[in-house]
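The values are calculated or read from the model by the stated rules, or taken from the named source; none is laboratory data. Here the structure is a predicted model, which is why all the values come from computation and not from measurement. Every residue, glycine as well, gets a Cβ built from its backbone with ideal geometry; the counts of neighbours run over all protein chains shown. The area values use the complete protein model at the heavy-atom level, side chains included, leaving out ligands, DNA and RNA. Shrake-Rupley method; radii C 1.70, N 1.55, O 1.52, S 1.80 Å.
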Amino acid sequence: MLFYWSFAYNLVRTDYVKFFMLFGALFYLCFKLMQFEKWNFKFLLVVGILFRLVFLFAEPNLSQDFYRFIWDGELIKNGINPYLYTPDQILEQGKIVFANMKELREGMTDLNARHFSNYPPVNQLFFALSAFLGNGSVMSSIIVLRLTIILADLGILYFGRKLLQNINQANHMAFWYFINPLVIIELTGNLHFEGVMLFFFVWALYLVSKNKWLWATPIYALSIMVKLMPLLFLPIFLKYLGIKKSAIFYTLIGVSCLALLLPFYSSVFIENYSDTLALWFHNFEFNASIYNVVKKIAVTYYEAKPWELIDTYGNIITKIVLGLALLITFLRKNRSLQSVITSMTLLLASYYFLSSTVHPWYIVFLLGIAIFTELNFPLVWTATVILSYFAYTNPDNKENLWLLAVEYILVFGVFLYEMIGKGSKKLYFFKN
């Protein structure tokens, strides 16, 4: 708790040595807690909650995204659709819409301020809740967002343990998520909503495991409407549910998503939202693995222009990931729910391996589904991804490719061992 307190209230993200030492110590202690107390449910539950409550009154120190969260919530509170105007456009109008708008604009990055919101509708509802209950106070809104995320993590623990029991896995595996330092720091500490998405996702999987797949459809839609990532997994249910059930499953999820989207819909919504989403595929790069190798070769030996390369790469990777989704859907058996979740883990990991942008909090979702499988490389990644934060030690956010090489050599090493070298010589991809 002292280490978490130091992380929350006494750390500047440019102080990488302290950052790295604190995180390393926390991860080691997490490992020792699981080693000695993994069957002590009450103890791990209490310490997991206490670790999170340490952050309750702290302003996030590793990310500025929360300013945009509260901004969008304030817009909804004032009856303005957050998908229609950028923060800069609203400020240019010269009208004071809400009291703390200047504070929020100064806190967010210029990049965030000149683009439309990219957060799906259910996410926006949580932002609006924080604005209503926060009553114009940024810190009060932060506390509301933080309590929401803590409750979501408790929900993941609750349904996760039940799901583990239903697929004949040890239910203590859920604590690898619940007391993981990356999860606590990036979600409770920095207010990222991967945990809320994961809560609805795990709840939906639990209902599917109980053969209540019809009831799972609106819950799965809620997960999609917090973050879009669960859309990627929909084809994988095809063999597990069968063609007829799958058609109903997909239809009901689609209808539920449309119902959740309807209050925010306008004639320019799709254009604004898709333009903002495209930035992640065609403009941004951070903590990439395969992309950095491709970029190094293309720029060094073929005189490629980086800004043209990332645009082309984004178009190609989108098609490759969709192709991988179809391959995993039809080449793997996916007859058991654990096999389905394993397929999801492999697909999501492949997407992150290929992506040009992999922020540390992205790995939380990968870990959250991997605890239901026999794969351990996502857990290793939650330890090594912290090396990417070295980029924030300098004003230009320049990455250290040697540190990224260490991160990915360890992750790919464990991944390849689990795919090829562990146990049977049969490639893990083809195992059921």
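Just one of the listed residues (Ser350, Ser339) is hydroxyl-bearing (Ser, Thr, Tyr), open to solvent by less than 10 Å² (accessible area, probe 1.4 Å) and closer than 27 Å to Asn171 by Cα, namely Ser339. Say whether the condition of being of a type in the set (Val, Ile, Thr), touching a Pro at 6+ places or on another chain (Cβ under 8 Å) and either modelled with pLDDT under 95 or surrounded by 22 or more Cβ atoms within 10 Å (Cβ to Cβ) (or both) is met by at least one residue in segment 136-146. Yes: segment 136-146 contains one or more residues that are of a type in the set (Val, Ile, Thr), touching a Pro at 6+ places or on another chain (Cβ under 8 Å) and either modelled with pLDDT under 95 or surrounded by 22 or more Cβ atoms within 10 Å (Cβ to Cβ) (or both).
In contact with a helix residue (DSSP H, G or I) (Cβ under 6 Å, 6 or more places away or on another chain), at pLDDT 95 or above and not hydroxyl-bearing (Ser, Thr, Tyr): is that true of Gly155 in this structure? The answer is yes for Gly155. Tallying residues that are assigned to a loop (DSSP other than H, G, I, E, B) and within 30 Å of Thr342 (Cβ to Cβ) within segment 377-408 yields 0.
Condition check for Asp88 on (1) modelled with pLDDT under 95; (2) part of a helix (DSSP H, G or I); (3) crowded, with 18+ Cβ neighbours inside 10 Å: one failure, at (3).
Checking each residue in segment 147-197 for being in contact with a Ser or Thr (Cβ under 7 Å, 6 or more places away or on another chain), open to solvent by less than 40 Å² (accessible area, probe 1.4 Å) and over 16 Å from Ser63 (Cβ atoms) picks out Ile150, Leu163, Ile167, Asn180, Met197.
Here is a yes/no grid of residues against (1) modelled with pLDDT under 95; (2) not aromatic (Phe, Trp, Tyr):
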{"position": "Phe3", "(1), (2)": "no, no"}
{"position": "Leu11", "(1), (2)": "yes, yes"}
{"position": "Thr14", "(1), (2)": "yes, yes"}
{"position": "Gly24", "(1), (2)": "no, yes"}
{"position": "Leu44", "(1), (2)": "no, yes"}
{"position": "Val54", "(1), (2)": "no, yes"}
{"position": "Ser63", "(1), (2)": "yes, yes"}
{"position": "Ile70", "(1), (2)": "no, yes"}
{"position": "Tyr83", "(1), (2)": "yes, no"}
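In segment 209-236, how many are among the β-branched types (Val, Ile, Thr) and either under 21 Å from Ser274 (Cβ atoms) or open to solvent by 10 Å² or more (accessible area, probe 1.4 Å) (or both)? The number of residues fulfilling the criteria is 3.
Each row is one residue, and each column tells you yes or no for (1) at pLDDT 90 or above; (2) open to solvent by 10 Å² or more (accessible area, probe 1.4 Å); (3) closer than 20 Å to Val268 by Cβ.
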site: Val97; (1), (2), (3): no, yes, yes
site: Leu111; (1), (2), (3): no, yes, no
site: Gln124; (1), (2), (3): yes, no, yes
site: Leu133; (1), (2), (3): yes, yes, no
